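A.B. asks: Encoded as structure tokens, here's the structure I'll be asking about.
None of the figures in this text is laboratory data; all of them are computed from the coordinates on show. This one's a predicted model, so the numbers in the text were calculated from it and none came from an experiment. Note that we place each Cβ from the backbone using ideal geometry, even for glycine, and neighbour counts take in every protein chain shown.
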Amino acid sequence: MNMENFYLEETPKTPEINLNAQTGKFIISGRSIPENSIEFYKPMFDWLDAYTKEANNKTNVDVKLEYFNTSSSKCLVEVFRRLEDIKGKGKEIEVNWFYEEDDEDMQESGEDFKEIINLPINMTLIEDGDS
Amino acid sequence: MNTQGYHSVLESDEVIFAYKGSVSHALFDDILTLVERKISTFEKPKTFRRKIHVIVVEILQNIFHHLDASQHKAPNFTDSILFILGKNKHGYYIISGNYVLLSDIEVLKAKIEWVNSLDSAELKNRYREILNNGKFSDKGGAGLGFIDIARKSGNPLEYDFENNETDCSFFSLKVKISV
């Protein structure tokens, strides 16, 4: 059974979300500051619920967020919980949490998730890009 | 802080941006864009600009959630939002203000006092606990706003309730962000 991939374009307040069911490569990048985070993330939750049933043997997740509001952080937990379920079915999950040099806030956020989420989260320092 | 207080703030410090008036989702976006543009002209590191920006987001969304939740349609609730971004020798500060119901004062006070009583390690731990509890507020808020603001700003939250109305109070919040 072939699942459709999931794609949302980046906007000034919401991230690009690119979930490829065939390759198991997931990317979330940009800013996440929607006023209604649950409404924004609901389609992604639904897609992940379907993916859980036919997940790749390995799913690689890149989180490259500039910053996010607190309601988005709760939604990210919901995303990670679904990935934990996939891992619980014996599949491999790898999360790469990207943060820029000197960005203590995003580094700490990554550490927060590492602490409460039962997944391998690699803290990945990225070179300073354009501003 | 009374109006005289706000006036002296405007006089004594470098106010970068100030707004007082009605609030809407479009205005929210305009304030964010303006703040971002203003801050970028000060050529602070990108990560510092992001810190200010995300704190502003949290403050404004807090106000929105509060207005939505209060169900109070009195004109002064939606027509009297205050937002000031300023800079002085210590760093940046953000003052926000909005009307709240008298019945909400104690809850707000208790929450801010609780956040102010926590040191940075405790803020981190409480943040993680609430992040982990899987609950959202009725309005989809995370219940993390004040903790996040205190944690990112690195300073206690200053607040005031101005009680000169019979059914509501003007709640002001000052967040200082050290450079």
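A.B. asks: Could you work out the mean count of beta carbons from other protein chains within 10 Å of each residue's beta carbon in B:145-153? Intermediate results must be reported in sequence, preceding the final value.
C.D. replies: On the way: counts 3, 1, 1, 5, 1, 0, 3, 5, 0.
Taking the mean over all residues of the peptide, I get 2.
A.B. asks: Which entries of B:89/B:109; B:44/B:176; A:64/A:114; A:13/A:64; A:87/B:135; A:13/B:20 show an alpha-carbon separation above 21 angstrom in the structure shown?
C.D. replies: Too far apart for the 21 Å limit: B:89/B:109; A:87/B:135; A:13/B:20.
A.B. asks: Please report the spacing between the Cα centers of segment A:36-78 and segment B:78-115 in Å, no decimals.
C.D. replies: Centre-to-centre distance over Cα atoms comes out at 32 Å.
A.B. asks: Return the average number of partner chain Cβ atoms within 10 angstrom of each residue Cβ along peptide A:70-82. Show your work: numbers first, answer last.
C.D. replies: Values: counts 17, 12, 2, 6, 13, 3, 1, 5, 2, 0, 0, 1, 0.
Mean shielding by partner chains, rounded to a whole number: 5.
A.B. asks: What ranking of B:51, A:42 emerges when the number of other C-beta atoms within 10 Å of each C-beta is taken as an exposure proxy, fewest first? Mind showing how you got there, number by number?
C.D. replies: On the way: B:51 23, A:42 13.
Ranked by crowding around the Cβ, least crowded first: A:42, B:51.
A.B. asks: For the residues B:52, A:28, what sequence is obtained by ranking on other C-beta atoms within 10 Å, fewest first?
C.D. replies: Neighbour counts put them in this order, fewest first: A:28, B:52.
A.B. asks: Let me ask something additional. Plugging the Kirkwood radius over Cα pairs into Stokes-Einstein for segment A:4-131, at a temperature of 10 °C and a viscosity of 1.306 mPa s, what D comes out in µm²/s?
C.D. replies: Translational diffusion coefficient: 108 µm²/s.
A.B. asks: Please report the net charge: other residues with Cβ closer than 13 Å to the Cβ of residue A:6, K and R +1, D and E -1.
C.D. replies: Its environment carries a net charge of -2.
A.B. asks: Per residue of B:119-132, count partner chain C-beta atoms within 10 Å of its C-beta, then hand back the mean as an integer.
C.D. replies: 3
A.B. asks: Using the 2.2 N^0.38 Å rule of thumb for compact globular proteins, work out how the protein assembly as shown stacks up: its C-alpha Rg over that value, please.
C.D. replies: Numbers: Rg = 20.4 Å, N = 310, 2.2 N^0.38 = 19.5 Å.
In units of the globular-protein estimate, the protein assembly as shown measures up at 1.05.
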